Amino acid sequence: MDFTVSEEMQAMKRTVREFVDGEVDTYARQIEEEDRVPEHLLQKAREMGLFGMSIPEEYGGLGLGMLDRCLLLEELGRAPAGFVTVMATNIGIGCTGIVEMGTEGQKRKYLPAMARGEKIGAFALTEPEAGSDATNLKTTAVRHGDRWIINGVKHFITNGPIADVVTVIAVTDRQKGARGGFSAFLVEKGFPGFHVGTIEKKMGLRGSQTSELIFDNCEVPAENLLGEEGRGYASALRILGKGRVGLGARCVGASEKLLEMCTKYAQQRVQFGKPIATFQAIQWMLADIAVETAAAKALTRQVAWMIDQGYRCIKEAAMVKLFASEVLGRVADRAVQIYGGMGYMKDFPIERFYRDARITRIYEGTNEIQRLVVAGELLKEFA
Amino acid sequence: MDFDLSDELRLMRDTVRRLARDRIAPRAAEIDETGEYPEDIFQAFKEAGLLGLCHSEEYGGAGLGTLGLCLAVEEVAKYCCASGLMLLLTKLSTAAFIYGGTEAQKRKYIRGTCEGTRRGCFCLTEPGAGSDAASISTRAERKGDFYVLNGTKCFISGAPVADFFVVAAKTKAEAGHKGVSVFVIDRGTPGLSIGKIERKMGVKGVPVSEVILEDCRVPAENLVGVENEGFKLVMSSLNSVRPVVAARGLGLAQGALQYAVEYTRQRQAFGKRLCDHQGLRWSMAEMAMEIEAARWLVYRAAKIVDEGHAGKEVAHYFSIAKAYASEVAVRTAHRALQLLGGYGYMKDYPLERFYRDARQLMIVEGTSEIQREIISRAIVDGTLNWL
């Protein structure tokens, strides 16, 4: 079992870290206040190929496997979450459908532009009445000659307002329900009947936009059916599953950044005549942060490796998302406490990490659902 | 052992409950969004006679004690944490007078607070002195009939809207806690100014800022208590207000749970209401258990203050209540937000505000770590005394 990170990947990690810590971070306050990521930062990310991390080389991407992707997402996790989300959604749930289930024509049409970051991807499954209960979809797709007509409303769609191509899950046969009755479609900005609805105001994740997507007799060409008709639910689960490990890596990266910040701060801040780092209880908090982060990192990397080997990993991917997001939650909470009053003030980034961390236990499948997935697999395994 | 509230307290509590629901709740989101100090809420408190709840009728108060104030803060905090803090400040800014003020000071500042004609704030924290309160470096030098104060206080709740400032300073520089004195300074006194106003994660309706003292000349009669014996006053002030901080947490936790439970009665998933899913029901049960435990800690601590105790021998009771209730608030806000799923993260729903507001409760007025110091000291010293 070899845990070495190749020279090449170490170099890539360093480059991404320099970009994130050296450049993106200087815009953190601006991103937070304007709820917008400066275009030049996205441009730099495009030039580094970060938008195409998961897209195969033959379509212009970096063609990185899951583990290598995770190694870079660890570095990106250090950056303001809103900034990372624009890319991560693109790399993860935004393009996975096309990469894994797309026809050659679809791949060639969308992937190169997505790899260059010129076209942004998004994934639209969630509806007002279908969150955790993802099979309760109301959005329909009806065949009309050489087109599909989609009607319905999706909401809480990350990248919604800026997406150029959205993977949409809709009901094609209500009788069959999730098993055989859902299909996936690639909907482009500009297709008739497709528009962006309300943009949500959120607790955190500033810089990333989340919105409703409205399909009002939206016309989609027949060749934009993604994967087989009726296999949409399986496609959705596959897309989400792959995204889980990447999210885990981002949580690990953020936890590591917080550990570094807290350890340095505790050595600088003097109270009762000594740095607070000399107090036992603070040392234990730092230790707990380090231990949990190391565990999350090991689990994430191991499962990423398993995916690259071709193992099924449904249970394992759920474990990664569940564990890494809860670790980040606890780490962010401890970080606020270590910084004390400063941890509550917007002049320091800690309170932003705290707010940004909270969504990780909810989106891409709540941690309650992740627990059900793990338990479901266990019950099958040990029947 | 009587767990019932007196008729007087119950009546007051019901009044506040209605006020909170009808006038404060509809304003809570806006207060957070704009970060504007809600003068209308202050006036509503004034009209309803709630600004002097814990103070004696002799000075224009309602004579309902710290327990009365806790009950009111609890009701308000169910909807708006910032408004709850406004009520708390009526005690925090005047506690020093209770434990060491002259008759003249009490008539001026306690009565002023009760009548709503004066608003105060408590100035202890400095950039170099947070948990380590004894290491404050603001100096107060006696010069004839005056004291001249120099220094900077920070993170002072209510300072930008305050009419009077209760300030802890060193009258004897190298004497640690034995050199602290407390002063009251009126707004407009030359040499006192408001500095940087902080931008915070939550509780945005109450402004928090620096208070800067530059050769501020304060008349000698503005000394509160005895020179160099101010640390005890500071400790008594903080101790006696701790149950009220705990009440903020108690109220917030209940408000969060209340909202979430109602949501789960409406929201369906997997063919039934969220409240019919076992895992979620158990989460609600966890929250309710902790809230009930916190409740009795808070009320008990408040009663101890009302029985006249606020010193070292009972400090651990206040610390236990504050640490526990504030941590319950944070845990409950977390769990309740989770019950709303994605909606819990959206500003159109109140839970994300509860989550942000709760977090400061584990830090302000003695961090959870300091509370643990106080509690463990009492345990190891043998003071922890199971009354």
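Here are the numbers for this structure:
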{"item": "Flag if residue A:146 is under 23 Å from residue A:311 (Cβ atoms) and of a type in the set (D, E, K, R)", "result": "no"}
{"item": "Those residues of segment A:332-380 which are crowded, with 18+ Cβ neighbours inside 10 Å, of a type in the set (Asp, Glu) and either more than 23 Å from the chain's Cα centre (by Cα) or more than 10 Å from every other protein chain (Cβ to nearest Cβ) (or both), in sequence order", "result": "A:356, A:364"}
{"item": "Residue match in segment A:212-228 (condition: within 14 Å of chain B (Cβ to nearest Cβ), part of a strand (DSSP E or B) and touching a residue at least 40 places away in the same chain (Cβ under 8 Å))", "result": "yes"}
{"item": "Yes/no for residue A:277 being within 21 Å of the chain's Cα centre (by Cα), under 13 Å from residue A:262 (Cα atoms) and either part of a helix (DSSP H, G or I) or facing chain B (nearest Cβ under 9 Å) (or both)", "result": "no"}
{"item": "Test: residue in segment B:253-262 that is touching a residue at least 12 places away in the same chain (Cβ under 8 Å) and closer than 28 Å to residue B:314 by Cα", "result": "yes"}
{"item": "Of residues in segment B:196-217 being in contact with a helix residue (DSSP H, G or I) (Cβ under 9 Å, 6 or more places away or on another chain) and over 22 Å from residue A:355 (Cβ atoms), the one farthest from the other protein chains (Cβ to nearest Cβ)", "result": "B:211"}
{"item": "Single unsatisfied condition, residue B:373 versus (1) over 30 Å from residue A:199 (Cα atoms); (2) facing chain A (nearest Cβ under 10 Å); (3) in contact (Cβ under 8 Å) with a residue 24 or more places away in the chain", "result": "(3)"}
{"item": "Subset of segment A:245-268 (residues that are surrounded by fewer than 19 Cβ atoms within 10 Å (Cβ to Cβ) and either within 19 Å of the chain's Cα centre (by Cα) or not hydrophobic (A, V, I, L, M, F, W, C) (or both))", "result": "A:260, A:263, A:264, A:267, A:268"}
{"item": "Among the residues listed as A:346, A:321, A:297, the single one being at pLDDT 95 or above and touching a strand residue (DSSP E or B) at 6+ places or on another chain (Cβ under 7 Å)", "result": "A:346"}
{"item": "Any hit, segment A:304-316, residues being under 16 Å from the mean Cα position of the chain (by Cα) and surrounded by 15 or more Cβ atoms within 10 Å (Cβ to Cβ)", "result": "yes"}
{"item": "Test result for residue B:251, out of contact with any helix residue (DSSP H, G or I) (no Cβ under 6 Å at 6 or more places or on another chain), of a type outside the set (D, E, K, R) and either outside the structural domain of residue B:84 (by TED's automatic domain parsing) or closer than 25 Å to residue B:375 by Cα (or both)", "result": "no"}
{"item": "Options A:167, A:126, A:172; residue that is of a type in the set (Val, Ile, Thr), within 13 Å of chain B (Cβ to nearest Cβ) and touching a Phe, Trp or Tyr at 6+ places or on another chain (Cβ under 7 Å)", "result": "A:126"}
{"item": "From A:177, A:197, residue being within 14 Å of chain B (Cβ to nearest Cβ) and on the phi > 0 side of the Ramachandran plot", "result": "A:177"}
{"item": "Checklist (1) over 21 Å from residue B:91 (Cα atoms); (2) small (Gly, Ala, Ser); (3) under 26 Å from the mean Cα position of the chain (by Cα) applied to residue B:191, failing item", "result": "(3)"}
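The values are calculated or read from the model by the stated rules, or taken from the named source; none is laboratory data. Model, not experiment: these values are computed from the prediction. A quick note on method: Cβ atoms are made from the backbone with ideal geometry, for glycine too, and the neighbour counts reach across all protein chains shown.
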